[in-house]
Amino acid sequence: MKITKTLATVAFILIGYLVNAQHDKLTVIKAYEEGALFPLFTIGDEIVMNNEFLRVFNKNRNDKSKPTQKEMDEYLDLYIKFKLKVKAAYSLKMDTVPSFKKELAGYRKQLAQPYLTDKTVTERLVKEAYDRSQMEVSAAHLLINCAADAKPSDTLSAYEKIMGLRNRVAKGGESFESIASQYSEDPSAKANKGNLGYFTVFQMIYPFEKAAFTTKVGEVSLPIRTRFGYHLVYVKDKRETQGDIKVAHIAIKYYNPTQIDSTKERIDAVYAKLQAGADWNTIVEEFSEDFNTNSKGGELGWFNRTTSSIPAEFKNAAYELQNDDDYSAPVKTKFSWHILKRMEMKEKLSYDDSKDFLRRKVERDSRSELNKDVVVARIIKENNYQEVAGLNAVKNEIDASLLQGQYKKKDGKGIVLCTIGDKEYTDDYFYAYVATNQARTNKTLNNAIVDIYENFVKQINLDFEEGQLEDKYEDFKHTMQEYSDGILLFELMDKEVWSKAVKDTVGLEAFYAKNKARYMWKERAVAAVYSCNNAKTAKQVKKLVKKGKTASSILEKCNAKDALAVSVVDKTIEKGSDTQLANVVWEVGVADLPSENDRIKFVKIHEILPVSAKSLKENLGQVTSDYQDYLEATWIESLKKSYPVEIYERSIGRLFGE
């Protein structure tokens, strides 16, 4: 069993743990007597109070009704085990390991972002994103390359060039696609004439998105600047967004153009069966060549009209289906023929239902940079930023190597450039910032120094504010403690349970040998299930089967005129696990099966396998999982010996007001 550590995984492992401060015993006794706080249990010398447990319990419980005693007891047991593991991690000083500190710092950066944004600006951007999510824009673009730090002369030249091309379309009446294919410096424009298809919010970089949504249909935007250069955006169409859709499909694949006609015959035969009333799931299982979905009715994941990974022909056919369970005529895409069946369609979400999701998208998107200046202006005041010697003290100390991105840090003179609160920032601090944040540029030296100093001021203010978050925001402090404990818990669980179960092959084999009776095959049949289009074909196939003909030779012979006449599925079936064979006599030979969807079916049982133990290889996943459970239970018992647990039963009753 392999566990991948991500921010979400760590959050899940935490079971909602919040910070557990050490409690002075006299304070605890006093609070206990007053009834505000009382101890629930101890682990070694650590006391866990009622408020901590209830905070965690309520955080992880969606049901707001009064919890049952059983529910509370189960969670208490889970929480005690969690506390034991965390205590072990801190006892091993795992929180002092450099890799842990680095990882926690990375999570902290992510968690700090919402606290370093301006809510008013964010809300405006969220509302803008929602409004744009209701529309889809079809556009084409034209690009003239121009680096972000290009020389002024190069920038002007690129701007004049793209304005000239715009005038040829907007005033001269020339075709945008023709101009794009000839002059665009986007390599793909030669083939697609600049066409981008339909897109919606968050699918293009923000300046481009803004131009597309604010330019009228049939018009060309003014040049917009991105890190790639100057763009023109020609808006071809705008349409209202429809909800996400889920479809199932039957796929018949072709691998080169010579197979298109023959596979079309097969998909047409399948379509005819559906029109004649055949069961969709049965047809999918028998004939669809998408082997990832044919065992589940051909069902695919959700998508919409701007999902780039879905072919346009497929999307168009899906959205033409008017009702659930409607299915399409055969549709050709690049490598397959498809029949689509509409499963479900979602209504568009309201603003209230989608704003939290959109806020997370906005916070991760480049548009979030728009509120950085607003945030910096606020925290400069809040944290009492003061300019002292400032830029004038250093602007003549940096040479032209900066323009090549090759500035070497020099030693400072201890000059205080500015202060934030009680913290001083000297010239040495600034030189270090320049050395690690420089980049090759075509700006003048003076402008490059001014820009990097302004960025320095912004960064030190943001860094200072980030460093104060635990003091300013109680919820941030608790969350950081959660992640600290979660990372440690993950590492220790991996060491003691997850990876250990995988690496300890000797222990795993010993565990399997001791518990082999838990991993047994019932009696099994090695069989082939035949499906025929009519009784006459079935009779012919049975004769061939009884003569010992191979399945491949039977299919070649019987499907010569009708590609769907016969299909066969080889199975090794555990007794009682397959409803199709429920009434079949469990012995070698041929037996009829119930007909399905006008298909005549029978089974050829080649061999009966007796009851036997599953080999470790055959059941490795389940055995490994069980071994992990065993290792964890054993580990917990050893932890309880190292850190004795005492539960205050009277306090547990008080959780219910008893």
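The values are calculated or read from the model by the stated rules, or taken from the named source; none is laboratory data. Source: prediction; values computed, not measured. Here the Cβ is made from the backbone with ideal geometry for all residues, glycine too, and neighbour counts use every protein chain on show.
The one condition from (1) buried (at least 18 other Cβ atoms within 10 Å of the Cβ); (2) not assigned by TED's automatic domain parsing to the domain that holds Ile252 that Glu369 does not meet is (1).
For segment 308-341, give me the residue count where each residue is among the polar types (S, T, N, Q) and in contact with an Asp or Glu (Cβ under 8 Å, 6 or more places away or on another chain). So the count comes out to 3.
In segment 226-281, the qualifying residues are those that are among the β-branched types (Val, Ile, Thr) and under 19 Å from Leu196 (Cα atoms), and the one that is surrounded by the most Cβ atoms within 10 Å (Cβ to Cβ) is Val233. Examine segment 347-367 for a residue that is touching a Gly at 6+ places or on another chain (Cβ under 7 Å), at positive phi and not in a helix (DSSP H, G or I), and state whether such a residue exists. Checked segment 347-367: no residue is touching a Gly at 6+ places or on another chain (Cβ under 7 Å), at positive phi and not in a helix (DSSP H, G or I). Exactly one residue out of Ser553, Ser499 is of a type in the set (S, T, N, Q), assigned to a helix (DSSP H, G or I), under 29 Å from Glu637 (Cα atoms) and out of contact with any helix residue (DSSP H, G or I) (no Cβ under 6 Å at 6 or more places or on another chain): that is Ser499.
Among the residues of this structure, Ala211 counts as one that is surrounded by 19 or more Cβ atoms within 10 Å (Cβ to Cβ), assigned by TED's automatic domain parsing to the domain that holds Ala140, under 23 Å from Thr306 (Cβ atoms) and without any contact (Cβ under 8 Å) to a residue 40 or more places away in the chain.
Can you tell me how many residues in segment 315-335 are hydrophobic (A, V, I, L, M, F, W, C) and either within 18 Å of Lys346 (Cα to Cα) or modelled with pLDDT under 95 (or both)?
4
For the residues Ala582, Ala633, the requirement of being in the same structural domain as Asp504 (by TED's automatic domain parsing) and loosely packed, with under 13 Cβ neighbours inside 10 Å singles out Ala633. One residue alone among Tyr255, Tyr234 is of a type in the set (Phe, Trp, Tyr) and assigned to a loop (DSSP other than H, G, I, E, B), and that residue is Tyr255.
Conditions (1) at pLDDT below 80; (2) buried (at least 19 other Cβ atoms within 10 Å of the Cβ); (3) in contact with a Phe, Trp or Tyr (Cβ under 6 Å, 6 or more places away or on another chain), marked per residue:
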position: Glu33; (1), (2), (3): yes, no, no
position: Val48; (1), (2), (3): no, yes, yes
position: Leu54; (1), (2), (3): no, no, no
position: Lys59; (1), (2), (3): yes, no, no
position: Lys64; (1), (2), (3): yes, no, no
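Taking the stated definitions as given, is Thr307 of a type in the set (Val, Ile, Thr), touching a Lys or Arg at 6+ places or on another chain (Cβ under 9 Å), closer than 20 Å to Glu347 by Cβ and in the same structural domain as His338 (by TED's automatic domain parsing)? Considered against the rule, which asks whether it is of a type in the set (Val, Ile, Thr), touching a Lys or Arg at 6+ places or on another chain (Cβ under 9 Å), closer than 20 Å to Glu347 by Cβ and in the same structural domain as His338 (by TED's automatic domain parsing), Thr307 comes out as yes. Among all positions in segment 607-627, there is no residue which is of a type outside the set (Lys, Arg) and farther than 21 Å from Trp521 by Cβ.
Residues of segment 117-154 that are over 23 Å from Thr214 (Cβ atoms) and assigned to a helix (DSSP H, G or I): Lys119, Pro152, Ser153, Asp154.
Residues are listed down the side, and each one gets a yes or a no for (1) surrounded by 16 or more Cβ atoms within 10 Å (Cβ to Cβ); (2) of a type in the set (A, V, I, L, M):
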{"residue": "Ile283", "(1), (2)": "yes, yes"}
{"residue": "Trp302", "(1), (2)": "no, no"}
{"residue": "Asn316", "(1), (2)": "no, no"}
{"residue": "Lys332", "(1), (2)": "yes, no"}
{"residue": "Phe335", "(1), (2)": "no, no"}
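Taking interchain pairs and intrachain pairs at least six residues apart, which have beta carbon atoms under 8 angstrom, with the first residue in segment 512-536 and closer than 25 Å to Leu631 by Cα and the second part of a loop (DSSP other than H, G, I, E, B) and of a type in the set (Val, Ile, Thr)? Taking only residues 6 or more apart or on different chains, the pairs are Met520/Val611.
Pairs are defined by a Cβ separation below 7 Å, a sequence spacing of at least 6 or placement on different chains, a first member in segment 404-429 that is more than 15 Å from Tyr453 (Cβ to Cβ), and a second member that is outside any strand (DSSP E or B) and of a type in the set (Lys, Arg); the pairs so defined are Gln404/Arg440; Gly405/Arg440. Screening the candidates Asp626, Asp598 for the property of being touching a residue at least 12 places away in the same chain (Cβ under 8 Å), among the acidic types (Asp, Glu) and surrounded by 14 or more Cβ atoms within 10 Å (Cβ to Cβ) yields one hit, Asp626.
Select from segment 440-456 the residues that are buried (at least 18 other Cβ atoms within 10 Å of the Cβ) and without any contact (Cβ under 8 Å) to a residue 60 or more places away in the chain and write down the one among them that is nearest to Ile379 (Cα to Cα). Ranking the candidates gives Phe456 first.
For segment 305-346, taking the residues that are part of a strand (DSSP E or B) and among the hydrophobic types (A, V, I, L, M, F, W, C), the one that is farthest from Ile267 (Cα to Cα) is identified as Met345. Looking at Lys109, Lys85, Lys81, just one residue is exposed (fewer than 15 other Cβ atoms within 10 Å of the Cβ) and either within 30 Å of Glu491 (Cβ to Cβ) or among the polar types (S, T, N, Q) (or both), and that residue is Lys109.
When you go through Val497, Val506 one by one, which is the residue that is surrounded by fewer than 19 Cβ atoms within 10 Å (Cβ to Cβ), over 18 Å from Lys604 (Cα atoms) and among the β-branched types (Val, Ile, Thr)?
Val506
Among the residues of segment 424-446, those identified as modelled with pLDDT of 95 or more and over 39 Å from the mean Cα position of the chain (by Cα) are Glu424, Tyr425, Thr426, Asp427, Asp428, Tyr431. All told, Gly164 falls short of being surrounded by fewer than 18 Cβ atoms within 10 Å (Cβ to Cβ) and assigned to a loop (DSSP other than H, G, I, E, B).
The strands (runs of 3 or more DSSP E) located wholly in segment 377-462 include none with 3 or more residues which are farther than 30 Å from Lys119 by Cα. Within segment 428-439, the set of residues being surrounded by 19 or more Cβ atoms within 10 Å (Cβ to Cβ) and farther than 15 Å from Lys408 by Cβ is empty. Checking each residue in segment 277-319 for being among the β-branched types (Val, Ile, Thr) and more than 22 Å from Leu564 (Cβ to Cβ) picks out Thr306, Thr307, Ile310.
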